[in-house]
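A quick write-up on the structure given underneath.
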Amino acid sequence: MKIAVCIKQVPTREWQPRLNDAKTWIREQDASYEMNEPDAYALEEALRLKEKHGGEVVVCSAGPARVAQVIREALARGADRAIHVEDDALTSADAFVIANALAAAMKDEQFDLVLTGLQSDDQGFAQTGVILAERLGLPHATIIMEVQADGGTLRVKRELEGGWFQWVAMPLPAVLTIQSGINQLRYATLKGIMAAKKKEIRKVPALPGGASAARQKIVSLYVPEKGKKTLMIAGSASDAAKELVRRLREDARVI
């Protein structure tokens, strides 16, 4: 089974974001980076499928030169080789542009299965895997919690709302977006880190004018504003209690 895993480099969760002067993105020169967590679970699932069925795991990523950091990490964990669509313009590109770039780089590889994380920690639109499936002309399923491969078919478990799950049967090749927590992540060993230095990373140029094809634009970013507000609820104790519960449920949405 030939499996592609799309990974993204995102700012670490511990880093306190600082906005650029235009307030349209973060100050990248100040940030520290890591592999997007849902993508790490997608990589782990691909490695487990390879161990069970044999084949090859290829990590694919689109972004500037610094993305090589997470590509090497993925290779150290057990991926066989990598494809890097390298372009500074892809740093904060939308899902449409990223999916187009990845699809162009992957189209001649004839993958049996393409895995992505459900969403990215920095933008969180959960659209790259879905658009990628459309660009590759493949069936897809989202929010996957379990993958069972048998010959040329898949059986996948999707997470729904309210604690419900759904089993879906689909043919290969296909695209799946993986939910965090689907498995237990492995870490790179010293042997894996050394072996990663010799593994192939094929660099692919981005599509000409790819960034100009964006369907979304970040107009502004701002740090959440902190404030205090006191609301006095008048009336009897019974009426005040009912109004408090209503406000907590409908306005604050904490119950």
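The values are calculated or read from the model by the stated rules, or taken from the named source; none is laboratory data. Computed from a prediction, not measured in an experiment: that's the story for all the values here. In this analysis, Cβ positions are derived from the backbone assuming ideal geometry, glycine residues included, and neighbour counts consider all displayed protein chains.
Of everything listed in (1) at pLDDT 85 or above; (2) surrounded by 15 or more Cβ atoms within 10 Å (Cβ to Cβ), the single unmet condition for residue 26 is (1). Residue 118 meets each of the listed conditions (1) aliphatic (A, V, I, L, M); (2) farther than 21 Å from residue 201 by Cβ; (3) out of contact with any strand residue (DSSP E or B) (no Cβ under 7 Å at 6 or more places or on another chain) apart from (3). Inside the stretch 53-94, residues that are assigned to a strand (DSSP E or B), more than 17 Å from residue 2 (Cα to Cα) and touching a His at 6+ places or on another chain (Cβ under 7 Å) make up a count of 0.
In the stretch 221-255, how many residues are touching a Leu at 6+ places or on another chain (Cβ under 9 Å) and under 30 Å from residue 95 (Cβ atoms)?
Pass one, the stretch 221-255, residues touching a Leu at 6+ places or on another chain (Cβ under 9 Å): 221-223, 233, 247, 254-255.
Pick out the ones that are also under 30 Å from residue 95 (Cβ atoms) and you get 221-223.
Residues meeting the conditions: 3.
Residues being more than 30 Å from residue 27 (Cα to Cα) and either touching a helix residue (DSSP H, G or I) at 6+ places or on another chain (Cβ under 8 Å) or among the aliphatic types (A, V, I, L, M) (or both): count how many of those fall in the stretch 218-255. Talk me through it step by step, then tell me what you get.
If we filter the stretch 218-255 for residues that are more than 30 Å from residue 27 (Cα to Cα), which is where we start, we get 229-255.
Subset that is either touching a helix residue (DSSP H, G or I) at 6+ places or on another chain (Cβ under 8 Å) or among the aliphatic types (A, V, I, L, M) (or both): 231-235, 237, 240-241, 244-245, 248, 252, 254-255.
Count: 14.
Just one of 89, 104 is in contact with a strand residue (DSSP E or B) (Cβ under 8 Å, 6 or more places away or on another chain), of a type in the set (A, V, I, L, M) and surrounded by fewer than 21 Cβ atoms within 10 Å (Cβ to Cβ); which is it? Walk me through how you get there before you give the answer.
Working: 89 fails: in contact with a strand residue (DSSP E or B) (Cβ under 8 Å, 6 or more places away or on another chain).
The unique qualifying residue is 104.
Any residue at all in the stretch 159-172 that is closer than 11 Å to residue 113 by Cβ, crowded, with 18+ Cβ neighbours inside 10 Å and touching a residue at least 40 places away in the same chain (Cβ under 8 Å)? For the stretch 159-172, residues closer than 11 Å to residue 113 by Cβ, crowded, with 18+ Cβ neighbours inside 10 Å and touching a residue at least 40 places away in the same chain (Cβ under 8 Å): absent.
When the stretch 20-52 is limited to residues that are of a type in the set (S, T, N, Q) and in a loop (DSSP other than H, G, I, E, B), the one that is nearest to residue 62 (Cα to Cα) turns out to be 36. The residues in the stretch 95-123 that are under 26 Å from residue 49 (Cα atoms) and either of a type in the set (Gly, Ala, Ser) or assigned to a strand (DSSP E or B) (or both) can be counted, and the count is 11. Against the list (1) surrounded by 10 or more Cβ atoms within 10 Å (Cβ to Cβ); (2) hydrophobic (A, V, I, L, M, F, W, C); (3) touching a residue at least 24 places away in the same chain (Cβ under 8 Å), the condition residue 219 fails is (1). Of the residues making up the stretch 48-88, just one is touching a helix residue (DSSP H, G or I) at 6+ places or on another chain (Cβ under 6 Å) and over 19 Å from residue 34 (Cα atoms), namely 57.
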